[in-house]
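Values quoted throughout were computed directly from the atomic coordinates according to the rules given, and no laboratory measurement underlies them. None of these values were measured; they are calculated from a predicted model. When we count neighbours, we look across all protein chains shown, and the Cβ atoms used for this are built from the backbone with ideal geometry, even at glycine.
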Amino acid sequence: MTVLELQRVVRCYEHRAEGHQVEALRAPSLKVERGEIVAVLGANGSGKSTLLETLAFLQRPCEGRVLLDGEDPWAEERSLQARRRCPALLQKTVLFSTSVLDNVMTGPCWAGLTKPEAKDRARRALEAVDLASFERRSHTELSGGEARRVALARVLALESDVLVLDEPTAGLDAESTHRVAGLIRQLNRDRGTTVIMASHSLERAVSLAHRVVTLVNGLLVNANLDNRSVGTMTRVADGWEYRDHLGWQHVFEDRALVVDAWAGLGPREGRVQVAVPAAMVRLGRAQGEGPASLRGVLDTIRQERGHARVRVRLPPRRQKVRAIIDLATLERLDLSLGNQVELAFEPRSVFVLPVVRDY
Amino acid sequence: MGTLFQALLAALRLVASLDAGVLEYASRSLGIALIATLLASLAGVPAGVWLAEVEFRGKRAVVTVLNTLLSVPTVVVGLLVYAFISRHGPLGGLGLLFTVPGVIAGEIVLILPLVTAFTLAAVSRVDRDVRSTALSLGASATQALQAVVRESRFGILAAIIAAFGRVVGEVGVATILGGNADAFTRTITTAIVLEVNMGRFELALALGLVLLSLSFGINVMLQLVQGEGRRR
């Protein structure tokens, strides 16, 4: 079930010096399903924070609609309720000049909880971020990383089923980063919390999120493709397209394929990579001319414990695509090297990523 | 140098002996400054917050005028208010000229721009970040505004201190609107001018010392309040 949805959203702001409207974000469509972790990737200034502010109902879009449970809070003058439902950890850490506990209690108090209830929640949230012993500290007595975790606790104390987190681990050391990632995973698993998070780390985003969406110069490159496979992936939802496939670039372990592509809409364009995790590729016997999918020749099969890694060579440029399939499937298909096979995957398995050199 | 030292000694003696004149002028100065600061703050703080919050055409012009008013000479403010409350002025019927309430009215006109402009600056400094943080945590518009004001409280307090300082040490308005009538409107500063003119240097210096210690005492008090606030 869709919790949050963007429909042809455009966010713009007035450029003071030049006196005209500047477009900061264009999001043709985005659906966030209940219980999903969606990571937003993009370079600095690509519009990640703008997108998250829009999803947290902090800024009203100048065009399009932001739906929460299928309803439009801006149109119904219910943005306060929407904000309370989708609390956000903003990129900049701003603590109120009071104690750590009071900081974390603020949100619940605003929501109308009594002080003892708010205090309980604040303590639970501080415990979750490992700062239980800090509750009496002043906001001035915290390191940058601790302040970030207090800010995270402040959002957690609202105990909402939707969280919008703008780079939650920015400025944290490796251990805290690991803990926060674990916390997000745990909230998602145990309480079904829906999380939308911006991340500057591709690694973390891909390991934590169910789905990754990418911003290229303010344009939301959505991975919810209409098409069934990369083979026909020329047109993407809402009328913009990958204009020019630069071709298969390289293939790597655990991601089936990476395609360099240009994503563009009018003047906004930039390079992205389209990737599919190897575990999400389905392998089948080639069966004549069917719906678009990738066809190739089985190149290698390597059996491992519980699964097999296979490699398929695709014509016309002999790119190699990896897939991980379970042994039962391998047996059922009765494949041997040199067989014609077909690769397919769900559009939802397609990750559109900013171009990162360090694969 | 010797004269100055002797004058200082004499002044200290006067202060120590709780000279009736010194006490009277001091309490009048203090009273005028406190009431004027209180009333100007009651109007100026909300006005500053409001100006920081709203966006309207010509806001920058208003802010520029406000900042200009900060440096208007006190005698000019005195003259303007004089024109209003003198017998032939529009508010002449109120009989405010050469009375303490008249002086207070003039001082309010003097410091209102200061309180407003400094409050505006203090609120603007924290406004954006604190507001968006508050909103992101589910604050209503009113709750977010409260958070913004709470976060700028030290700046607002500084505005009030500065306003008090300006009133307590000011001569122009007090002279023009008060008339420096001994038993009615004479304040420390106007008394100092008078005593110096009359060649009574010790008394003038004594009054100066009292004025300084008044300011010092109030600033120490406010420092303590601020320190308390910071520690929490």
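Points worth noting:
- Using the Cβ-Cβ distance between A:K31 and A:S133 with R0 = 35 Å, the FRET efficiency computed as 1/(1 + (r/R0)^6) comes to roughly 0.30.
- Each of the peptides A:92-102, B:21-31 was scored by the mean count of other Cβ atoms within 10 Å over its residues; in descending order, highest first, they stand as A:92-102, B:21-31.
- Farthest towards the positive end of the charge dipole of chain B, among the residues B:T64, B:G31, B:G199, is the Cα of B:T64, using unit charges on the Cβ of Lys, Arg, Asp and Glu.
- If you take the Cα centroid of the stretch A:1-21 and the Cα centroid of the stretch A:70-93, the two points sit 15 Å apart.
- Across chain B, C-alpha contacts under 8 Å between residues 6 or more apart give a mean separation that, scaled by the residue count, equals a relative contact order of 30 percent.
- Qualifying GluC sites (Glu not before Pro) in the stretch A:3-94, DSSP loop, other Cβ atoms within 10 Å at most 13: A:E18, A:E76, A:E77
- Shape descriptor for chain B: Rg over Rh equals 1.06 (Cα atoms; Rh from the Kirkwood inverse mean 1/r).
- Relative to the longest principal axis of the Cα atoms of chain B, the long axis of helix B:201-231 makes an angle of roughly 20 degrees.
- Nearby lysines by direct alpha-carbon distance to A:K92 (threshold 23 angstrom, same-chain neighbours under 8 apart not counted): A:K48
- Extension gain, B:E53-B:L79: 0.36 nm per intervening residue step, less the Cα-Cα distance, totals 6.1 nm.
- Computed over the stretch B:115-214, Kirkwood Rh from alpha-carbon pairs, angstrom: 16.4
- Built amide H within the under 5 Å cut-off of A:R137, gap 5+: A:V100, A:L101
- Normalised convex hull volume, the stretch A:2-216, alpha-carbon set, Å³ per residue: 130
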